[in-house]
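Below: the structure, in structure tokens.
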Amino acid sequence: MEPFNIRINEQGEEVTLTILPYGSNAFKVIYYGGILGAVKKNRGHWGTVAPDEVPAGELPLFEPHRQHEEIELELSEALAISVGKAIDSHLADG
């Protein structure tokens, strides 16, 4: 599966994230060129992947406060659910 972009509403603003599929039903979440973390669907529920289980590959980890236009994001369980719903929507439209 190819990478794709999703849009979510976070902190009152629309945020674009790049999604990189990897492994079985897991997705890296990329924000401003860095890995914010990863999400995975398990038994119909979206959640975060432990940071030590996310293969970094060629991308660095996301570092907050690097650019003025970015929103400070942390891949919490709540954000993982929002990202997962957007992934489900993208895949259904696919």
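Once the Cα-Cα distance is subtracted from the 0.36 nm per residue extended length, the Asn9 to Lys41 segment shows a gain of 9.5 nm.
At 0.36 nm per residue, and after removing the present C-alpha to C-alpha distance, how many nm does the segment from Lys85 to Glu58 gain when stretched out fully? Numbers along the way, then the final one.
Values: separation 27, 0.36 × 27 = 9.72 nm, distance 2.65 nm.
Separation in residues times 0.36 nm, less the Cα-Cα distance, equals 7.1 nm.
On the accessible surface of the chain, probed at 1.4 Å, how many percent belong to carbon and sulfur atoms?
Details: 2760 of 6030 Å².
Result for the chain: 46 percent of the exposed heavy-atom area is carbon or sulfur.
Which one is right for this structure if volume of the Cα convex hull per residue in Å³ is calculated from it: (i) 100; (ii) 115; (iii) 156? After the calculation, the listed value that fits is (i).
Solvent exposure of the chain, expressed per residue, is 64 Å² of accessible area, with all protein chains present and a 1.4 angstrom probe. Restricting the GluC sites (Glu not before Pro) of the chain to loop positions (DSSP other than H, G, I, E, B) with no more than 16 neighbouring Cβ atoms within 10 Å leaves Glu58, Glu69, Glu70, Glu72, Glu74.
The values are calculated or read from the model by the stated rules, or taken from the named source; none is laboratory data. Everything quoted here is computed from the prediction, not taken from an experiment. Because the Cβ atoms are built from the backbone with ideal geometry, glycine has one as well, and the counts that use them run over all protein chains shown. When the accessible area is computed, the model is the full protein with side chains, heavy atoms only, and any ligands, DNA or RNA have been set aside. Shrake-Rupley method; radii C 1.70, N 1.55, O 1.52, S 1.80 Å.
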